[in-house]
Every structure is written in C-alpha cells, then in structure tokens.
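*Asks:* Just passing along the structure, written as structure tokens.
The values are calculated or read from the model by the stated rules, or taken from the named source; none is laboratory data. Note that the structure is a prediction, hence the values are computed from the model and not measured. Note that each Cβ is placed from the backbone with ideal geometry, even for glycine, and that neighbours are counted across all protein chains shown.
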Amino acid sequence: MEDIKLTERRADFYQRASSAPYNRDEDGLFILSVWTYATDAEIDLERCGSYSVIKAGEWRFRSKAEAEEALRNYGANGKRVYRFIISEIPEDSPSDGGIRYEWVYDAYGRLIDNSCASMHHYDREKFYGRPEDKIRFKPGDLVEWFDGCDTVTLGVVVGLPPTIDQCWERMKCVLTDRRFEKLSDKEDGYILDFTDDSYVVIDTPDYMASHEHVASHYVAFPSIPVSEKLRGMYAKVYRDYLAT
C-alpha cells in the first residue's frame, strides 16, 4: 500500500496532468496562423505520399478567445485552408524562447487537438501524460503529420504517447528510488517533457531509417482522400514492420 506522502504526490500529479494546458491569458499573447494547401495536394499525395502547405497569414491577440473568434470569422478568399493553429507565447519572453502551448483546428474551425506540456525554453514543464480519451490513434492507423514548417506526410502509427497512469508509474519509480535521494526535489529525476507527448510514425518497414517522433497535436487522420492503392501500400509497410 502506498504511504500517505506518496498518495498525496499521486493526487498532485493527477491534478497537474488534468490541468494542462494551463490558462495564462493574463501574461500571454496568442498567435493565430492560417495554413493553406500550396499545391495540388491530391496529385502530390498519390505520387510521393506528401504535399506542401504554406502559412497564409498570422495575427496576434490578447486572449485565446479573441484568436478563436478571428478563426471563426476568417475569410479564405478562395484558398483551401489546411489548418488553423493558435500558439501561445509569453508576452515578456525572449524572442527565441519558443511557444508554450498550441491548439490545432481543422479547416472548419473544429478543434483537433492541443499540446499537453509547455514547449517554451524558459518555461519548460514536465509532461504528465495524456488522458486516454485524448490518445486518438492506435498502432497501425494511417495518419498524416505536419512538420510545423511546410510539409504534410502520410505515415503509419507504431508508438503512442504515454497515458497519465503510465507517467505516474514512471514518477513513482523516481520518488521511491534510492538513487535520487540526494536530489533536493526527487521530481527532478522525472525527465519527461513535451517531446514525450508524441506519436511514433513510420513510412517504410525500416524503423531506424524512417521513424519520426511527431508532436501529438500535429498528427491527424488524412484530411484529403487516400486511394486504395496508397492505403494498401501503407498497410503492407505496417505488416512488414511487424514481421521484422
């Protein structure tokens, strides 16, 4: 049976996990970016399993609610929208600090997913796991993933982000391991961060040559139709991967 202190730690851990992303409207800026298809995506997807997107615009707001309102009122002017992304940054942070959280929306303004741990260099948080209902894929699923720059690529899921329960087991090992007794705070031995909130995706059976750890909120089911031929090819990739 867990002792009282460990039980309290567990309650605090689960509270932190369920609270992410934290609301920081009071000291944050929210950047709305609009991404559109840059090419004839269907043709490129069939030919090489990927296609290009471009950032068509970017605006800053004082709150996430204002950014979402602008998203809903966005006029595409004939362009095919791929994604809307809202990124939070600290108002007074160095410009190279990066972002805290991101929320990703489809072309109709529906939330797809959000990051679960701060990605900011000076505000770096622990990652406490994803609720099971926010792990949207299973091994073998055909997905597309955005590289955050200009390319969307098809792939097959072979690894999942850890759940809150799995992360707590990791934390419990740290808290009860005598190797970490000299740390002023044993939690310093728990090293999971935003990079662990990711799916592992492959596009060839050779795991070492093709696997990518992709931020969970950048992974989605294909947003444009995938031919049966292409689906069959990726199904074979997964079968061959399992056989290796």
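*Asks:* Filter the stretch 138-147 down to the residues that are in contact (Cβ under 8 Å) with a residue 60 or more places away in the chain, farther than 15 Å from His211 by Cβ and either of a type in the set (Phe, Trp, Tyr) or surrounded by fewer than 17 Cβ atoms within 10 Å (Cβ to Cβ) (or both) and list them by number.
*Replies:* Phe146
*Asks:* Another question, if that's okay. From Ala56, Ala11, Ala20, grab the single residue that is surrounded by 11 or more Cβ atoms within 10 Å (Cβ to Cβ), at pLDDT 90 or above and among the small types (Gly, Ala, Ser).
*Replies:* Working: Ala11 fails: surrounded by 11 or more Cβ atoms within 10 Å (Cβ to Cβ); Ala20 fails: at pLDDT 90 or above.
Residue meeting the stated conditions: Ala56.
*Asks:* Ok, one more. Could you list, in sequence order, the residues of the stretch 209-223 that are surrounded by fewer than 17 Cβ atoms within 10 Å (Cβ to Cβ), out of contact with any helix residue (DSSP H, G or I) (no Cβ under 9 Å at 6 or more places or on another chain) and not in a helix (DSSP H, G or I)?
*Replies:* Residues satisfying the conditions are Glu212, Phe221.
*Asks:* Now for a separate question. Let me spell it out: the conditions are (1) in contact with a helix residue (DSSP H, G or I) (Cβ under 9 Å, 6 or more places away or on another chain); (2) in a loop (DSSP other than H, G, I, E, B); (3) more than 24 Å from Val104 (Cβ to Cβ), and Val226 meets all of them except one. Which number is the exception?
*Replies:* Answer for Val226: the failing condition is (3).
*Asks:* Within the stretch 153-173, track down each residue that is over 30 Å from Ser210 (Cβ atoms) and either crowded, with 17+ Cβ neighbours inside 10 Å or of a type in the set (Lys, Arg) (or both).
*Replies:* Matches in the stretch 153-173: Trp168, Met171, Lys172.
*Asks:* Which condition does Asp193 not pass, out of (1) within 20 Å of Ser118 (Cα to Cα); (2) surrounded by 13 or more Cβ atoms within 10 Å (Cβ to Cβ); (3) in contact with a strand residue (DSSP E or B) (Cβ under 8 Å, 6 or more places away or on another chain), if it passes all the others?
*Replies:* Condition not satisfied by Asp193: (3).
*Asks:* Going residue by residue through the stretch 114-131, is there one that turns out to be loosely packed, with under 15 Cβ neighbours inside 10 Å, part of a loop (DSSP other than H, G, I, E, B) and modelled with pLDDT of 90 or more?
*Replies:* yes
*Asks:* Considering only residues that are part of a helix (DSSP H, G or I) and among the aliphatic types (A, V, I, L, M), look in the stretch 31-53 and name the one that is surrounded by the most Cβ atoms within 10 Å (Cβ to Cβ). Spell out the reasoning first.
*Replies:* Pass one, the stretch 31-53, residues part of a helix (DSSP H, G or I): 41-48.
Add one more test, that the residue is among the aliphatic types (A, V, I, L, M), and what stays is 41, 43, 45.
Numbers: Ala41: 18, Ile43: 10, Leu45: 22.
The extreme case among them is Leu45.
*Asks:* I would also like to ask the following. Looking at Asp177, Asp206, Asp150, Asp185 in this structure, which one is closer than 18 Å to Arg83 by Cβ and surrounded by fewer than 21 Cβ atoms within 10 Å (Cβ to Cβ)? Please lay out each step first, then the result.
*Replies:* On the way: Asp177 fails: closer than 18 Å to Arg83 by Cβ; Asp206 fails: closer than 18 Å to Arg83 by Cβ; Asp185 fails: closer than 18 Å to Arg83 by Cβ.
One residue alone meets the criteria, Asp150.
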